[in-house]
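Coordinate-derived values only; no laboratory data. Quantities reported herein were computed from a predicted structural model and do not represent experimental measurements. A quick note on method: Cβ atoms are made from the backbone with ideal geometry, for glycine too, and the neighbour counts reach across all protein chains shown.
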Amino acid sequence: MIETIPSFGLGTFRVAAGKTAQSVKSALQLGYRHIDTAQYYDNEAEVGQGVRDSGIPREDVWVTTKVWWERLRRDDLIASLKESHRKLGIGTIDLALVHWPSPDSVVPIGETLAAFQEAQQLGLIRHYGVSNFTAPLLEEALAAPGGDAIVTNQFEVSPFLANRALVEATQKLGVKVTAYMPLGEGRAHTDPTLADIAKKHGATPAQVTFAWLLSREIVVLSASTNPEHQQVNWDAQKLTLDADDIARIDALDEGKRHANPPFAPTW
Ligand SMILES: NC(=O)c1ccc[n+]([C@@H]2O[C@H](COP(=O)([O-])OP(=O)(O)OC[C@H]3O[C@@H](n4cnc5c(N)ncnc54)[C@H](OP(=O)(O)O)[C@@H]3O)[C@@H](O)[C@H]2O)c1
């Protein structure tokens, strides 16, 4: 069993129906060991299919799912994780996250954490954590019973949204940061600074972006259905940036957020 969240994962959000299983299978065969899905993505069955088709032993793969914010009450959370467990069909789920915090804390985080612990006892999940939590919400969660077992806070980080204060607060609280939408909705591919740094290293702008995140000890989620892109992205783990590169990427921060739905917390 993998006991800590692997630092480079495959995302599956917005992958066209019918393409997810193949992309999970090819990523696992290339070496990926971490797959990210969610109840909201409506692709858990395909993710499970891809894991089974890959031929990689189940215990060598880490699968994360997320519980939608409307299902955070105890009974809903248990029922939803039973559904996720059945759809994935891979045995105990490695990690389940609160996808978005309950708006205005209508569902107390303590109720959700207690339900996660119950889900652990039922063998539905091994670990739990949160996503899109601000620093005050994370502090509140960590202080609640069961909060000390939160393994990650997953939120948006890209060169254009360095999210420095939340990254630092999360890491200081001893919780791993996982970054989503790392390429800033594709903008990284054409950014001149990233292209210049990429040229210097014989790399691609996407690889430079992932190497920058890894240098900040942030778990990377990259999504691709194209095996060539999956390989390029995976190889970013071999790239080491120097202090000058990192300073130049740090300077690209505009605080520009893409994921900000009406039910998001006040950032
Ligand atoms: N917790 C949350 O609220 C939340 C929110 C958003 C996302 N997420 C998670 O984070 C994951 C990553 O975010 P994202 O889906 O926005 O991913 P992303 O990796 O930033 O972007 C994915 C897109 O980039 C393209 N791409 C990837 N690598 C490429 C490369 N090397 N060259 C050219 N194009 C490339 C892909 O196209 P191809 O398929 O053609 O390669 C795809 O269209 C999601 O899939 C999801 O699992 C979580």
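Before moving on, here are some points about what is shown:
- Over region 77-208 - Rg/Rh using Cα atoms and the Kirkwood inverse-distance radius: 1.07
- Charged-residue dipole, Cβ positions (Lys, Arg, Asp, Glu), region 79-226 about Cα centre, Debye nearest 20: 500
- Distant-in-sequence amide contacts of Gly129, defined by a placed amide H-H separation under 5 Å and a gap of 5 or more residues or a different chain, comprise Ala96, Leu97, Val98, Val151.
- Phi to ³J(HN,Hα) by Karplus 6.51 cos²θ - 1.76 cosθ + 1.60 over region 155-171, Hz, x for Gly, Pro: 8, 6, 9, 8, x, 9, 9, 5, 6, 4, 5, 6, 4, 5, 5, 5, 5
- Of the three principal axes defined by the Cα atoms of region 139-216, the extents in descending order read 49, 20, 16 Å.
- What the pair-distance distribution of region 151-267 shows, using all Cα-Cα distances binned every 10 Å from zero, is 14, 48, 32, 7, 0 percent.
- Here is the size of region 1-85 from its Cα atoms: Rg then Dmax, 13.0, 39 Å.
- Loop-resident chymotrypsin sites (Phe, Trp or Tyr not before Pro) (DSSP state other than H, G, I, E or B) in region 36-97 with no more than 16 further Cβ atoms inside 10 Å of their Cβ: Trp68.
- Cut-off 16 Å (backbone N to label point 7 Å along Cα→Cβ of Trp68), residues of region 100-117: 100-103
- Cα-based equivalent ellipsoid of region 1-143: semi-axis lengths in Å, sorted from largest, via gyration tensor: 26, 15, 14
- Here, P(r) means the percent of Cα pairs in each 5 Å bin from 0 to the largest distance; for the chain it is 1, 6, 14, 17, 19, 17, 13, 8, 3, 1, 0.
- Sequence ranges 245-258, 188-201, ranked by mean other-Cβ count within 10 angstrom, highest first: 188-201, 245-258
- In summary, the convex hull built on the alpha carbon positions of region 73-141 has an orientation-averaged projected area of 4.3 nm².
- Relative to the Cα centre, the charge distribution of the chain, modelled as +1 at Lys and Arg Cβ and -1 at Asp and Glu Cβ, gives a dipole magnitude of about 460 debye.
- 222 nm mean residue ellipticity, helices alone, for the chain (DSSP H n ≥ 4; -39,500 (n - 2.57); rounded to 500): -12000 deg cm²/dmol
- Dipole of region 1-51 computed with +1 at Lys/Arg Cβ and -1 at Asp/Glu Cβ about the Cα centre; of Ser23, Val47, Ile35, farthest Cα towards the positive end is Ser23.
- For a straight C-alpha distance cut-off of 28 angstrom, the lysines reachable from Lys87 (same-chain residues fewer than eight places away being disregarded) are Lys19, Lys25, Lys66, Lys176.
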